[in-house]
Amino acid sequence: MSSTLPVFSVEELPTGELTRLDGPEGKHAATVRRMRSGARLLLSDGRGGVAECLVTEVARDALDLEVVRRDRVPAAEPRVRLVQALVKGDRGELAVELATEAGVDLVTPWRAERCVARWEDGPRGAKALARWRNSALQAAKQARRAWIPTVTEPCSTSEVAETLRGREAAFVLHESAELGLADVELPTAGEIAVVVGPEGGITDQELSTLRAAGVRPVRLGHEVLRASTAGAVALGALGALTPRWR
């Protein structure tokens, strides 16, 4: 499959040789991307399935396509879960965007104590979560990823601790940690979890709760990174330190 072709997201890949791309993706392809007959594109189901297609006809807000080739892209191993503290403004969406481009598999929004942003239950919280999920979708398409990261419902500190309890490879980024991420033993399969705190830092109680669940503090380096970029930097390090990029 060509990695330079534009990617459009579909719920299910076509099973036949002919298909139509309509809805928001079809409208975007026809009116914004201005795809023309004879052009090629990729359809992705976000779960590793990819189909290379030839545009046979352009409608007002849809494309008729011929399926040229199908492929199945395996998921990266080990998987990486990012527990990302809520960040104010659009920097939370930036954190998801950067992490997606760096290859994250699952994002858990974390309602940490010192978060300025507050996702209350109800329409406003649902809208904020939808923005994070859309950031993951758009970034995956931009990066031409065959897998779209899952963005879960937001979790409290106790819920995060319970989710990560007993995990072989669960780490919280903390400036006071004695060990660097490069100093710990990392698995070659399964899941690695990385917890990123808010701009105001992780409280002593939160750190204690996470450590009691088996989450180990590590640092990335001597510099202090912003909450919106630390996850992506960690993913880059994990790509090099594990088989993910091989």
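The values are calculated or read from the model by the stated rules, or taken from the named source; none is laboratory data. Not measured: the values here are computed from a predicted model. Cβ sites come from the backbone with ideal geometry, for glycine too, and all protein chains shown count toward neighbours. When the accessible area is computed, the model is the full protein with side chains, heavy atoms only, and any ligands, DNA or RNA have been set aside. Shrake-Rupley method; radii C 1.70, N 1.55, O 1.52, S 1.80 Å.
If you average 1/r across every pair of different Cα atoms in the stretch 193-233 and take the reciprocal, what Kirkwood value do you get, in Å? Spell out each step's value before the answer.
Values: mean 1/r = 0.0900 Å⁻¹.
One decimal place: 11.1 Å for the Kirkwood radius.
Over the C-alpha atoms of the stretch 1-125, what are the Rg and the largest Cα-to-Cα span, Dmax, in Å?
Rg and Dmax of the stretch 1-125, Cα atoms, are 18.3, 54 Å.
Show that you can apply the helix-only estimate: for the chain, add -39,500 (n - 2.57) for every DSSP H stretch of four or more residues, divide by all residues, and state [θ] at 222 nm to the nearest 500.
On the way: 6 runs with 68 residues, N = 246.
That comes out to -8500 deg cm²/dmol.
Sorted by mean Cβ packing within 10 Å, highest first, what order do the peptides 118-125, 46-53 take?
Working: 118-125: 11.4, 46-53: 18.9.
The most tightly packed comes first, giving 46-53, 118-125.
Kindly provide the pair-distance distribution of the stretch 112-166 built from C-alpha pairs, with 5 Å bins from 0 and whole-percent values in order of increasing distance.
For the stretch 112-166, the pair-distance distribution reads 4, 17, 19, 20, 19, 14, 7, 0.
Please give every one of the lysines within straight-line cross-link reach of Lys27, meaning a C-alpha to C-alpha distance under 21 Å, and leave out same-chain neighbours fewer than 8 residues apart.
Lys141
If I fit a long axis through the Cα atoms of helix 91-101 and take the longest principal axis of the Cα atoms of the chain, what angle between them do I get, 0 to 90°, rounded to 10?
Tilt of helix 91-101: around 70 degrees.
What is the P(r) of the stretch 1-75, as percent of Cα-Cα pairs per 10 Å bin from 0?
21, 59, 18, 1
Sketch the reach of a paramagnetic label on Glu66 as a point 7 Å from Cα along Cα-to-Cβ, and name the residues of the stretch 11-27 whose backbone nitrogen lies under 20 Å away.
14-22
What is the dipole size for the chain, taken about its Cα centre, with +1 at each Lys and Arg Cβ and -1 at each Asp and Glu Cβ, in debye to the nearest 20? It would help to have the intermediate numbers written out before the result.
Working: 33 positive and 34 negative charges, 106 e Å.
Result for the chain is approximately 500 debye, rounded to the nearest 20.
Once R0 is set to 30 Å, what does the formula 1/(1 + (r/R0)^6) return for the Cβ-Cβ distance between Thr203 and Leu129, expressed as a FRET efficiency to the nearest 0.05? Intermediate results must be reported in sequence, preceding the final value.
On the way: r = 24 Å, r/R0 = 0.79.
Computed FRET efficiency for Thr203 and Leu129: 0.80.
Which percent of the Cα-Cα distances in the stretch 102-241 go past 26 Å? Spell out each step's value before the answer.
Working: 2201 of 9730 pairs.
So the pairs more than 26 Å apart make up 23 percent of the total in the stretch 102-241.
Keeping all protein chains in position, work out how much accessible area Cys155 exposes to a 1.4 Å probe, and write it in Å² to the nearest 10.
Counting only protein heavy atoms, the figure is 20 Å².
May I ask you to evaluate 6.51 cos²θ - 1.76 cosθ + 1.60, the Karplus curve with θ = phi - 60°, for each residue of the stretch 224-238 and list the ³J(HN,Hα) values in order in whole Hz, giving x for glycine and proline?
These are the phi-based 3J(HN,Hα) values: 9, 9, 6, 4, 7, 10, 4, x, 5, 5, 4, 5, x, 5, 5 Hz.
Can you list, bin by bin at 5 Å, the percent of alpha carbon pairs in the chain, starting at 0?
1, 6, 13, 16, 16, 13, 11, 9, 7, 4, 2, 1, 0
Output the relative contact order of the chain, whole-number percent, from Cα pairs under 8 angstrom with separation of 6+ residues.
20
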